[in-house]
Amino acid sequence: MKTNANNYRKGEDGSDVKAVVGRLAWATFDGCADQGDAKRLEELIVSNKEARRAYLECAEIESQLFSLFAKERKEINESQKKKKNAA
């Protein structure tokens with residue numbers, strides 16, 4: 001399901017920025033963000049220090065998860081290649 005960046009509004013005090021950036025960042029990392037989402041995320045990151053911090057936190061977690069599951073991902077890919085070659 002795609003998110004819609006127009007549904008998200010930054011509060012006057014910026015209190016919901018972290019949540020908005022989190023939703024948009026995870027949608028981007030998961031390949032579910034549309035162009036509007038990407039534009040809104042970029043606007044927030046460029047214009048708001050809290051948004052930049054929130055994005056970097058999400059990116060760090062994504063990187064850690066990617067590294068953590070690299071071995072399993074490699075084993076799955078090798079297994080799929082073997083099945084494909086056997087068919």
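The values are calculated or read from the model by the stated rules, or taken from the named source; none is laboratory data. The structure displayed is predicted, hence computed values, not measured ones. Note: ideal-geometry Cβ built from the backbone for every residue, glycine included; neighbour counts use all protein chains shown.
Tabulated data for the structure shown
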| quantity | calculated |
| --- | --- |
| Meets criteria (surrounded by 14 or more Cβ atoms within 10 Å (Cβ to Cβ) and part of a helix (DSSP H, G or I)) for I76 | no |
| Single condition A59 does not satisfy, out of (1) exposed (fewer than 13 other Cβ atoms within 10 Å of the Cβ); (2) modelled with pLDDT of 95 or more; (3) hydrophobic (A, V, I, L, M, F, W, C) | (1) |
| Any hit, segment 40-53, residues being of a type in the set (V, I, T), under 28 Å from V17 (Cβ atoms) and loosely packed, with under 14 Cβ neighbours inside 10 Å | yes |
| Condition met for E57 (within 16 Å of A19 (Cβ to Cβ) and either part of a helix (DSSP H, G or I) or among the charged types (D, E, K, R) (or both)) | yes |
| Selection from segment 50-78 of residues that are hydroxyl-bearing (S, T, Y) and touching a residue at least 12 places away in the same chain (Cβ under 8 Å) | Y55 |
| Residue list for segment 32-54, restricted to those being part of a helix (DSSP H, G or I) and among the charged types (D, E, K, R) | D37, K39, R40, E42, E43, K49, E50, R52, R53 |
